[in-house]
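Structure below; questions to follow.
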Amino acid sequence: THPECEVETVVVEPDSPDFNPEAATFIGECDVVRYVMEPMRFKKIIYKVRKYVQDEKIYKGSAPATPLLNSQYTSSFIAGLTELRYLHCMPLENAVEYFRAHGFDLDKGTAQKLVSKVKVHLENLYKALGQAIVEDNYICGDETYQKVRLQMATPSGRKIKKGYIWVFVGMTTGLVYFFYDDGSRSAEVFEQHIKGFNGAFQCDYYSGYRNIGIGQMGGIKRLPCLQHIKRKFLDIKDNPQALEIAKLFGLMYHFEHRYKIDKDGWTAEDHLKWRQRYSRIMLEKIHMRLMAVKDRIGVPPDDPLLAATEHALKQWREIPRIFESPTYRLDNNEVERINRYISLTRRRLTIGSHSGAEAAALYHSLAITCHRCGVNVFDYFCDIIDRCAAWPPNTPIEKYRDILPDHWKPSQK
């Protein structure tokens with residue numbers, strides 16, 4: 001029925017030349033629905049700001065403010081560019097062409113300046129997001145690369161490098177936090193941004209996470225990703241042992257999805273008991289088969305099945321932690337899905353600089369968090385750009401926490 005649509009009602013009379021409405025008797029009508037899409041519209045609003053003199057004092061009206069000084073573009077333009085570029089993965093030049101095709105000739109350079117200058121107003125909001133993400137008690141994390149153009153060529157003569165963008169996903173709050181540090185994938189970047197977090201962190205077995213649970217990160221509990229472990233066995237073709245182990249991991253997903261919390265009276269306590277019950281049995285079966293592979297005699301060290309087995313056994317002590325809570329996921333597929341926003345543009349887009357990658361991390365964080373929290377991206381950016389531009393630079397970071405997407409309420413204008 002699409003109740004969200006704007007409704008226009010049109011009365012359709014018979015168009016036959018023989019029809020005479022004065023001689024006819026009305027017997028009823030039927031509704032015929034047609035859905036029509038109208039392209040996005042642009043408006044140029046001219047405010048006639050009037051001036052008056054009264055008692056030797058000048059009075060004049062005031063036009064609505066814009067987020068950028070000496071600019072005629074409202075926050076709606078930046079919101080539209082943000083949604084197309086950072087949520088729908090459209091390169092900026094394509095977004096400009098999209099604007100042009102719908103009636104507004106926006107220069108690409110102007111679009112880039114709008115996005116980069118508004119970023120300054122959103123930096124405190126982005127810092128608040130970084131602080132809020134580590135206040136969650138359960139985070140999934142990962143990293144992916146993007147092509148970044150360097151200002152100066154490397155000694156090898158290359159001017160384009162793989163710059164790694166990290167992402168934290170708050171599984172309780174729904175917040176998404178991308179961050180970028182000159183494209184580095186080192187453990188130091190991860191450790192810098194995870195400071196202050198005490199909870200469960202789910203990730204793959206990348207060496208950058210090796211210090212989780214040690215020293216300053218002693219309060220963090222690492223959860224492995226069963227999908228990454230399972231994939232190692234799926235990649236081994238035509239091997240019955242590998243296929244059997246992969247099927248057992250798949251069977252765990254079958255048991256996990258048999259029940260769902262808050263459905264048909266199923267509680268979190270029920271789910272925790274069920275998880276501990278089926279996981280104990282399944283993990284025993286999988287471990288028995290892994291040890292049978294490891295104890296084989298005469299296996300070369302580069303055997304892919306042995307490598308997959310050792311990869312699983314190195315994390316074996318951490319796997320039962322997944323089943324200590326009713327809400328922990330079996331994998332970090334949620335992060336993999338979010339990283340697609342980066343990977344979808346990777347082939348057709350090269351970010352122009354490190355500062356451009358930092359801007360992408362900021363806008364991606366806010367746009368995708370809106371999407372996960374069920375907030376309209378366009379409406380959100382229209383509101384928070386104006387708010388952040390109006391607040392003084394020394395506004396406490398804590399105040400920005402209330403306008404992050406999970407707490408945001410539209411301002412009354």
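Got a sec to turn the phi values of the range 207-223 into Karplus ³J(HN,Hα) couplings, 6.51 cos²θ - 1.76 cosθ + 1.60 with θ = phi - 60°, whole Hz, x for Gly and Pro?
5, x, 9, 5, 8, 4, x, 10, x, 5, 9, x, x, 9, 9, 7, 10
Now for a different question. Which is the longest run of the chain containing none of the GluC sites (Glu not before Pro) found in DSSP loop states (not H, G, I, E, B) with at most 12 other C-beta atoms within 10 Å?
Within the chain, the longest run free of exposed GluC sites (Glu not before Pro) spans 57-413.
Rounded to the nearest 0.05, what FRET efficiency do Gln72 and Arg280 have when you use their Cβ-Cβ distance and R0 = 56 Å?
Rounded to the nearest 0.05, the efficiency is 0.30.
Now for a separate question. Placing unit charges on C-beta atoms (Lys and Arg positive, Asp and Glu negative, everything else neutral), compute the dipole magnitude of the range 109-210 about its Cα centre in debye, rounded to 20.
740 debye
Check Ser353: other-chain or 5+ apart residues with amide H under 5 Å from its amide H, H built from backbone geometry?
Arg149
Out of residues 5 or more away from Leu223 or on other chains, whose amide H comes under 5 Å of its own, with H placed 1.01 Å from N in the peptide plane?
Answer set, sorted by chain and number: Phe201, Gln202, Cys203.
Taking amide hydrogens as modeled 1.01 Å from N in the peptide plane, which residues meet the under 5 Å criterion relative to Tyr138, leaving out close sequence neighbours?
Met171, Thr172, Ala200
Further, regarding this structure: Return the FRET efficiency for the residue pair Lys113, Ser156: r is the Cβ-Cβ distance, R0 is 30 Å, and the value is rounded to the nearest 0.05.
0.35
Below 8 Å between Cα atoms, with a sequence gap of 6+, how large is the relative contact order for the chain in percent?
Answer for the chain is 22 percent.
Tell me, in nm to one decimal, what length is gained between Ala268 and Met37 on full extension, where the rule is 0.36 nm per residue of separation less the Cα-Cα distance?
78.8 nm
Assign unit charges at the C-beta atoms only (+1 for Lys and Arg, -1 for Asp and Glu), then state the dipole size of the range 254-346 relative to its Cα centre in Debye, rounded to the nearest 20.
The dipole of the range 254-346 has a size of about 80 debye.
Could you give the length gained by full extension between Ile27 and Tyr206, i.e. 0.36 nm per residue of separation minus their alpha carbon distance, to one decimal place?
57.1 nm
Can you tell which of Trp166, Thr110, Gly61 lies farthest toward the positive end of the dipole of the range 46-177, using +1 and -1 charges on the Cβ of basic and acidic side chains (Lys, Arg; Asp, Glu)?
Thr110
Here is a follow-up. Whole number in Å², please: accessible area per residue of the chain, 1.4 Å probe, ligands, DNA and RNA not counted.
61 Å²
Mind listing the phi-derived Karplus ³J(HN,Hα) values for the range 120-127, rounded to whole Hz, using 6.51, -1.76 and 1.60 with θ = phi - 60°, and x for any glycine or proline?
4, 5, 9, 5, 5, 5, 5, 5
Could you run the Karplus curve 6.51 cos²θ - 1.76 cosθ + 1.60 with θ = phi - 60° over the range 179-193 and give me ³J(HN,Hα) per residue in whole Hz, x for Gly and Pro?
Using θ = phi - 60°, the values come out as 8, 9, 9, 6, x, 6, 10, 6, 5, 4, 5, 4, 5, 5, 8 Hz.
Extension gain Lys294-Asn239, at 0.36 nm per residue separation less the Cα-Cα distance, in nm?
Between Lys294 and Asn239, full extension yields an extra 18.3 nm.
With charges set only on the Cβ (+1 for Lys and Arg, -1 for Asp and Glu), what does the dipole of the chain come to about its Cα centre, in debye to the nearest 20?
Computed about the Cα centre, the dipole is about 1800 debye.
Next question. Determine the share of the range 262-326's accessible area contributed by carbon and sulfur atoms, expressed in whole percent, with a 1.4 angstrom probe.
Of the solvent-accessible surface of the range 262-326, carbon and sulfur hold 52 percent.
Given a 1.4 Å probe and every protein chain left where it sits, what share in percent of the accessible area of the range 334-413 is carbon and sulfur?
That share works out to 50 percent.
If you line up the long axis of helix 304-314 against the longest principal axis of the chain, both from Cα atoms, how many degrees apart are they, to the nearest 10?
Helix 304-314 and the main axis of the chain meet at about 80 degrees.
Then there is this: Order the peptides 214-223, 245-254 from the highest to the lowest mean number of other Cβ atoms within 10 Å of their residues.
Top of the packing list down: 245-254, 214-223.
The values are calculated or read from the model by the stated rules, or taken from the named source; none is laboratory data. These figures come from a predicted structure and were not determined experimentally. Because the Cβ atoms are built from the backbone with ideal geometry, glycine has one as well, and the counts that use them run over all protein chains shown. Side chains included, ligands, DNA and RNA excluded: accessible areas come from the protein's heavy atoms. Shrake-Rupley method; radii C 1.70, N 1.55, O 1.52, S 1.80 Å.
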